[in-house]
Amino acid sequence: RGRGVRSPGGWTPRPFGVAVGGVEVVHVLHAWGTLTVVAEVLALLRGGDVGDYGRVVELFERGCGDGDVEGCYHLGMMYWNGLGVEADLGLARGAYERACEGGSAKSCNVLGVMYKEGIGVGVDAERAVEYFRLAVDGADGHGYFNLGVMYLRGTGVGMDRERGEELIEIACNQRGVCPQEDDFGEKLQPRERLRMGE
């Protein structure tokens, strides 16, 4: 399909077939983490049949079924983006839930985003906060950032600017997820100057 995928957690890789000269694909797979099926996916891609997303989905399904949380996370991405399968946010959510339950902090963050934004589920800010907290427990940078924003805005949790700023600072300084713009198009500044609405 020659496009990057939409990653609900805030990262947009370009997997499996854009400029598949080998280097980009290998880099993306390694950036995703260790999968029980990485060797098979690489073999599939190196075999030249890079458009066989269906086979990649099968490999991620097998990994997920074997308890590989990374396999579940990537299976969720395939369903989210409709790569090798019909796009299905319900099946994506199910894969992310299995991964989150298995300890994948980035999957917990994705679930938080789904509930915060009402993507494939009803909007549920309190549930989003629960998932963002799980992501923070697993040290996911986007989880820190998203939970920080929830505290700053008092969405799904009592407003607490100090806690929100602290979480965003951790996201930026320790996890490399720094604020760009908030929903209103205002530039977000470092903690000492972060005063949204002022």
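The values are calculated or read from the model by the stated rules, or taken from the named source; none is laboratory data. This is a predicted model, so every value here is computed, not measured. Neighbour counts run over all protein chains shown; Cβ positions are idealised from the backbone, glycine included. We work out accessible area using only protein heavy atoms, side chains counted, and drop any ligands, DNA or RNA first. Shrake-Rupley method; radii C 1.70, N 1.55, O 1.52, S 1.80 Å.
Annotations
- If the condition is being under 14 Å from Arg133 (Cβ atoms) and among the small types (Gly, Ala, Ser), then segment 108-119 contributes only Gly112.
- Unique match (being among the basic types (Lys, Arg), open to solvent by 70 Å² or more (accessible area, probe 1.4 Å) and closer than 20 Å to Glu70 by Cβ) among Arg175, Arg133: Arg175
- Filtered by the rule that a residue be in a helix (DSSP H, G or I) and more than 14 Å from Lys116 (Cα to Cα), segment 136-158 gives Val136, Asp137, Gly141, Tyr144, Leu152.
- Sole exception among (1) hydrophobic (A, V, I, L, M, F, W, C); (2) modelled with pLDDT of 95 or more; (3) within 28 Å of Phe60 (Cβ to Cβ) for Val177, by number: (2)
- Restricting attention to segment 139-161, the residues being within 14 Å of Leu111 (Cα to Cα) and more than 13 Å from the chain's Cα centre (by Cα) number 1.
- Residue in segment 159-172 that is surrounded by the fewest Cβ atoms within 10 Å (Cβ to Cβ), counting only those that are part of a helix (DSSP H, G or I) and among the acidic types (Asp, Glu): Glu162
- Filter pass, Cys100 being in a helix (DSSP H, G or I) and at pLDDT below 95: no
- Residue match in segment 109-118 (condition: surrounded by fewer than 20 Cβ atoms within 10 Å (Cβ to Cβ) and either at pLDDT 95 or above or not hydroxyl-bearing (Ser, Thr, Tyr) (or both)): yes
- For Val38, the conditions (1) of a type in the set (A, V, I, L, M, F, W, C); (2) at pLDDT below 50; (3) open to solvent by 10 Å² or more (accessible area, probe 1.4 Å); (4) in contact with a helix residue (DSSP H, G or I) (Cβ under 7 Å, 6 or more places away or on another chain) all hold with the exception of (2).
- Among the residues of segment 146-158, those that are on the phi < 0 side of the Ramachandran plot and either surrounded by fewer than 19 Cβ atoms within 10 Å (Cβ to Cβ) or touching a residue at least 60 places away in the same chain (Cβ under 8 Å) (or both) comprise Arg153, Thr155, Gly158.
- Any hit, segment 73-92, residues being buried (at least 24 other Cβ atoms within 10 Å of the Cβ) and at pLDDT 95 or above: yes
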